[in-house]
Amino acid sequence: MPDPIVDEELRILAQVRAALETTRAATAPSETAVVRELEQVRDALREGAKTEDRPALLQQWDRQSALLRQLRTAERPTDVDPGSPYFAHLALRENGRPLDILIGKTTRTLPDYPIVDWRNAPVSQIFYRYRQGEEYEEEIAGRTRTGVVATRRTLAIRDAALLRVEAPEGTFARDPAAADGWSRLEIARPALGGGQGSALRAHDVDAGGHRRLGTDVAGRARRADKHLPDIAGLIDPAQFDLIVRPQAGYVVIRGTAGSGKTTVALHRIAYLAYDDPAIDSSHTLFLVFSPALRDYVSHVLPALGVARVQVRTFPEWAAEQVRRLWPKLPRAIRETVPGVVARLKLHPAMDAALALQVARVEAKATPAQAFDDWASVLTQPALLAEVLAQQAPGEFSADELERVADWARRRHEELLAWLGGDPHVEAALEQEDLALLLRAWQHRVGPLPSGGERPLRYKHVAIDEVQDFSPLEVQVLLGCLDRRRSLTLAGDTQQHISAEGGFTSWSAFLDRLGLEGAAVSTLEVSYRCTHEIATFADAVLGPLREDATPARTVRSGPPVELFRYTDHGAAVASLADALGDLARQEPLASVAVLTPSPELSAIYAQGLTTGEVPRLRRVERQDFSFAPGVEVTEIEQVKGLEFDYVVLVEVSTSHFPDTPAARRRLHVGATRAVHQLWVVSVGTPSALVRDAAGGVA
């Protein structure tokens with residue numbers, strides 16, 4: 001006979017399956033009677049009801065129509081999946097009385113063993129908040145319930161068969177080779193640990209905020225030999241060589257995740273400011289891909305003694321310039337744009353289209369004409385087709401160009417009506433328009449102006465995560481450099497995740513910018529990730545790897561582990577336990593729970609909140625706290641950041657098919673982890689991770 005724990009769970013499952021076969025689930029209310037009554041009311045109105053009867057009939061029509069809408073839009077109850085009816089067993093003792101509850105993703109009242117939905121059944125919070133043997137006290141359905149958690153088990157049920165039981169007494173798995181068909185697994189409970197403070201977080205660098213690069217602790221200046229001992233002790237020779245390059249000209253830095261690209265770009269600005277204090281001013285611009293990275297860099301630069309450099313995202317910077325040049329345009333930015341429209345507006349060929357428009361149309365060099373050039377290019381499918389036939393043949397169909405032009409015409413008409421004072425029109429620019437407008441100005445009018453008549457010129461511009469900038473955006477910035485053309489570009493095409501813009505080829509990108517022959521310096525050592533994490537991330541990339549040999553690493557850590565669950569509720573329960581333990585053992589640890597969609601982020605954030613995971617935050621607009629705790633968000637939100645621990649959630653085939661975009665997203669998510677990485681899947685894990693992970697639970 002199997003262990004008594006397994007035997008009990010097998011008996012419960014058999015009883016539940018039998019009950020499911022003999023009892024019917026609740027069904028949605030029928031709309032037949034309501035429809036029939038509406039038809040009768042309609043017929044009465046059509047057949048000429050008496051005048052005094054019409055108000056009552058119309059009222060009846062409105063009432064029944066509202067009821068029908070409610071029936072049709074109400075969420076339908078889903079039935080329990082007989083192949084996987086529940087994932088947990090909770091047994092309580094209240095006032096000496098036993099109570100068994102099964103937890104799944106659908107509520108179903110069954111004799112002896114009711115199944116409750118883990119997301120909204122109040123009693124399920126006991127499962128997430130308490131361990132086996134603990135006393136509980138919870139407010140449920142308006143009354144306080146107290147008792148003891150007698151049993152708390154997590155189960156794996158697939159195809160109506162019990163495959164695994166996890167209990168405090170042990171873990172049991174189906175084993176055809178065993179005499180009773182089951183084996184007790186002698187494994188340690190999976191745990192996160194040992195990595196607190198591995199990641200560089202903003203609160204780790206605040207102490208350096210009052211020191212200037214090139215000075216000692218007391219603030220005394222060092223000799224100006226450009227060796228900068230403060231930096232030399234923290235970086236490797238390849239990084240140092242890039243930092244101390246002369247100010248004039250271009251520095252292009254390529255490197256895998258965690259190789260120090262951002263570090264080099266930041267320290268290069270500090271080095272240049274050490275040599276020329278005027279660099280530490282608003283005439284230096286550090287551009288990043290996301291608000292989160294902007295906030296991080298804004299904390300780090302003061303620690304290097306650089307306080308006045310502008311740190312911006314490109315949309316922030318570009319929107320400010322557009323408002324200066326065209327102050328009457330609306331400030332609102334339209335967030336929803338058709339994919340083909342965004343893709344064309346960010347395409348490198350748009351620069352050639354603007355140049356062609358300016359060459360063909362003789363007009364004064366005015367802001368109004370630059371605005372007209374921008375609108376004309378977008379609304380002329382013939383001009384777009386001509387340019388694309390030369391620049392990117394086959395990338396856009398004639399139908400797609402017509403759709404873009406139609407969209408642009410309607411938006412332009414809205415803008416003109418809005419500018420004309422029509423109070424009934426709501427107009428907005430699109431984020432992709434910002435670079436196009438600025439580039440149209442540069443082609444028609446000339447350099448972007450500063451506050452006065454002088455051109456806007458920067459002493460140095462650094463762009464981090466440049467692979468997710470469009471070449472057109474970078475072209476605008478090149479037009480704002482002073483005569484020394486001092487520019488630092490740092491990026492990794494393996495981390496390209498922008499859906500519509502960016503680039504995946506360094507040579508093509510540099511050619512587009514007119515920087516043919518510019519040397520690309522490669523950083524070959526990954527300092528962020530352990531060997532195990534870097535190996536996993538490299539395997540996920542597969543054919544997208546840029547180098548024949550993987551990046552070198554400097555340390556090892558725990559293996560990357562893959563965990564499979566039958567339901568999100570089971571995954572949340574396991575994570576809540578592990579993260580709760582981690583918070584108690586390592587209160588300063590930083591953790592990211594990364595999902596493929598905002599909907600899944602909301603589910604996991606709510607579940608982990610129910611599980612009372614300390615210092616839990618749901619990050620929706622890159623509003624990271626840069627403080628210890630657990631942050632739940634999507635992979636795209638953490639670009640450029642790092643955490644002590646990372647949990648990649650729902651790495652299933654449906655969310656991560658074998659496509660270049662999915663490979664890069666997984667690679668970016670995995671390489672946010674400094675010490676330990678877990679990979680979690682509900683259902684069938686993606687083929688991209690099955691072979692890459694070191695263990696499967």
- Query: Taking a ≥ b ≥ c as the square roots of the eigenvalues of the Cα gyration tensor of the range 524-569, is the shape rounded (a/c under 1.5), prolate (a/b larger than b/c) or oblate?
  - Reply: oblate
- Message: Quick check on packing: order 532-539, 640-647 by the mean number of other C-beta atoms within 10 Å, highest mean leading.
- Response: 640-647, 532-539
- Item | Kirkwood Rh, Cα atoms: Rg over Rh of the chain | 1.05
- Message: Can you give me the angle between helix 568-585 and the longest principal axis of the chain, using Cα atoms only, in degrees from 0 to 90, rounded to the nearest 10?
- Response: 70 degrees
- Note on the structure: Out of GLY142, THR530, VAL466 - ranked by how far each Cα lies towards the positive end of the dipole of the chain, with unit charges on the beta-carbon of charged residues - the top one is VAL466
- Cα to Cα, under 15 Å, and not fewer than 8 places away if on the same chain: which aspartates and glutamates meet these conditions relative to LYS105? GLU75, ASP79, ASP81, ASP117, ASP567
- Lys and Arg at +1, Asp and Glu at -1: neighbours of ALA365 with Cβ under 14 Å from its Cβ sum to -2
- Could you order peptides 241-250, 153-162 by the average number of other Cβ atoms within 10 Å of their residues, highest first? 153-162, 241-250
- Size of electric dipole in the range 593-697: Cβ of Lys, Arg +1 and of Asp, Glu -1, about Cα centre, debye, nearest 20: 160 debye
- Query: Nearest 10 degrees, 0 to 90: what angle lies between the long axis of helix 398-419 and the longest principal axis of the chain (Cα atoms)?
  - Reply: 80 degrees
- Near LYS261, which aspartates and glutamates are there with a Cα under 14 Å away, not counting those fewer than 8 places off in the same chain? ASP236, ASP241, ASP464, GLU465, ASP492, GLU524, GLU642
- Query: Which percent of the accessible heavy-atom area of the chain goes to carbon and sulfur, probe 1.4 angstrom?
  - Reply: 50 percent
- How far is the Cα center of the range 77-136 from the Cα center of the range 469-540, in Å? 51 Å
- Assigning unit charges at the beta carbon (Lys, Arg +1; Asp, Glu -1) and nothing else, what dipole magnitude in debye, to the nearest 20, does the chain show about its Cα centre? 1600 debye
- Task: Just name one of THR32, PHE127, ALA307: the one whose Cα is farthest towards the positive end of the charge dipole of the chain (beta-carbon charges, Lys/Arg +1, Asp/Glu -1).
- Result: ALA307
- Query: Which one of GLY640, PRO660, ALA692 is farthest out on the positive end of the charge dipole of the range 635-697, using unit charges on Cβ (Lys, Arg +1; Asp, Glu -1) and the Cα centre as origin?
  - Reply: PRO660
- Query: What angle do you read, to the nearest 10 degrees and between 0 and 90, between the alpha-carbon axis of helix 531-541 and the longest principal axis of the chain?
  - Reply: 80 degrees
- Message: Just to confirm the filter: which trypsin sites (Lys or Arg not before Pro) across the range 573-673 are DSSP coil and have at most 14 other Cβ within 10 angstrom of their Cβ?
- Response: ARG621
- Query: When DSSP assigns beta bridges and you keep just the ones with both residues in the chain, what percent turn out antiparallel, to the nearest 5?
  - Reply: 40 percent
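The values are calculated or read from the model by the stated rules, or taken from the named source; none is laboratory data. The model shown is predicted, which means the values in this text are computed figures rather than measured ones. Every residue, glycine among them, receives a Cβ derived from its backbone with ideal geometry; neighbour counts consider all protein chains shown. For accessibility, only protein heavy atoms count, side chains too; no ligands or nucleic acids. Shrake-Rupley method; radii C 1.70, N 1.55, O 1.52, S 1.80 Å.
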